[in-house]
1. Can you pull out every residue in the range 66-95 that is more than 15 Å from residue 138 (Cα to Cα) and surrounded by fewer than 18 Cβ atoms within 10 Å (Cβ to Cβ)?
2. Considering only the range 78-107, state which residues are touching a strand residue (DSSP E or B) at 6+ places or on another chain (Cβ under 7 Å) and in a helix (DSSP H, G or I).
3. Please go through (1) at pLDDT 95 or above; (2) under 25 Å from residue 176 (Cβ atoms); (3) surrounded by fewer than 22 Cβ atoms within 10 Å (Cβ to Cβ); (4) touching a strand residue (DSSP E or B) at 6+ places or on another chain (Cβ under 7 Å) for residue 292 and return the number of the only condition it doesn't satisfy.
4. Residue by residue through the range 205-222, note down the ones that are under 13 Å from the mean Cα position of the chain (by Cα) and farther than 17 Å from residue 82 by Cβ.
5. From the set of residues in the range 177-193 that are away from the ligand (no atom under 12 Å from the Cβ) and within 17 Å of residue 83 (Cβ to Cβ), which is surrounded by the most Cβ atoms within 10 Å (Cβ to Cβ)?
6. Anything in the range 194-248 that is within 14 Å of the ligand (Cβ to nearest atom), closer than 17 Å to residue 33 by Cα and not in a loop (DSSP other than H, G, I, E, B)? List them, or say none.
7. I'd like to know if the range 110-121 contains one or more residues that are at pLDDT 95 or above, assigned by TED's automatic domain parsing to the domain that holds residue 153, within 27 Å of residue 245 (Cα to Cα) and under 20 Å from the mean Cα position of the chain (by Cα).
8. Among the residues in the range 125-134, are any away from the ligand (no atom under 16 Å from the Cβ), touching a residue at least 24 places away in the same chain (Cβ under 8 Å) and within 26 Å of residue 203 (Cα to Cα)?
Ligand SMILES: Cc1ncc(COP(=O)(O)O)c(C=O)c1O
């Protein structure tokens, strides 16, 4: 399993499950955005705007960038693939564990991937290892904050990485799909635009809780963006997605600020309760928590599924069976998770399984 969010795949009723395996904003989607998407469905008989002029304008205004510095696709995964296709790097270099699609896209496009290990317990990157690995023509992908560890790249690290990429003749792609859900706010690479060798990914998927609508963005120098756009299909966003995203860009506040404050509060609540139950969660600032479990994560996931709760096991990230990743949700859902966790741990102990880590 390389992705969470398997509610549909498991044929579960979304109304009956709590999905802690998928890290979308639990406080969305914004009602106004859903209304805008619904209204747009009256226009399914005409093609959407190929250049997404209204969305581009609203997005550029929201982020304070030029309209030519962004293009949109069917989720961040889509623009990620188009970017790799457009630049045909010699290698994709990433840190590991991280989001699995960087490697997957490399496999699809036959670009080799080189992974630099991040080491437990704090999973901090070694810039020395990066320096000795990175070479001319590489595409370095970093995830801000990193999925699944939740660790944030500091401003200073980001600048060092950018500088290193420029020196070595590499392109840097910063995946900022979770950046708006961090507290304190994780630094964004946007302030370094436009720069020929810098690409940034954003997603309405996470910020505005819309994985089902599939809207992602690639930001960069206008020439780089034009190359990426060329590798996308003519109509990469549908009319409902475009209307939804435009509404979000025109009304990002107070939704984003409220969300990140509430997430920070819930994260604290979850960290405290995880420790109480014998888990060892990794410190971070994001809307998900990587944790070591007192029992194998697969056994826990199975027990929780009986209680209609999904969590993300972490073998596909290259982590052991003792790790799981949990989304941070609203208080009601989090309470339900901890009740179910207590219950599940008790059931596993009753089975007299000898799980120690
Ligand atoms: C770090 C990261 N980037 C990108 C994506 C994909 O986003 P989208 O659903 O917009 O394709 C995910 C999804 O889990 C992710 O975790």
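1. Of everything in the range 66-95, those that are more than 15 Å from residue 138 (Cα to Cα) and surrounded by fewer than 18 Cβ atoms within 10 Å (Cβ to Cβ) turn out to be 66, 67, 68.
2. Residues of the range 78-107 touching a strand residue (DSSP E or B) at 6+ places or on another chain (Cβ under 7 Å): 78-80, 82-84, 87, 89-96, 98-99, 102-103, 106.
Correct list: 78, 79, 80, 82, 83, 84, 87, 102, 103, 106.
3. Only one criterion in (1) at pLDDT 95 or above; (2) under 25 Å from residue 176 (Cβ atoms); (3) surrounded by fewer than 22 Cβ atoms within 10 Å (Cβ to Cβ); (4) touching a strand residue (DSSP E or B) at 6+ places or on another chain (Cβ under 7 Å) is unmet by residue 292, namely (2).
4. 206, 207, 208, 209, 210, 211, listed by residue number.
5. That would be 189.
6. Selection gives 203, 204, 205, 206, 207, 216, 241, 244, 245, 248.
7. For the range 110-121, residues at pLDDT 95 or above, assigned by TED's automatic domain parsing to the domain that holds residue 153, within 27 Å of residue 245 (Cα to Cα) and under 20 Å from the mean Cα position of the chain (by Cα): absent.
8. No, every residue in the range 125-134 fails to be away from the ligand (no atom under 16 Å from the Cβ), touching a residue at least 24 places away in the same chain (Cβ under 8 Å) and within 26 Å of residue 203 (Cα to Cα).
The values are calculated or read from the model by the stated rules, or taken from the named source; none is laboratory data. Everything numeric here is computed off the predicted structure, so don't read it as measured data. Quick reminder, even Gly has a Cβ in these numbers, built from the backbone with ideal geometry, and neighbours come from all protein chains shown.
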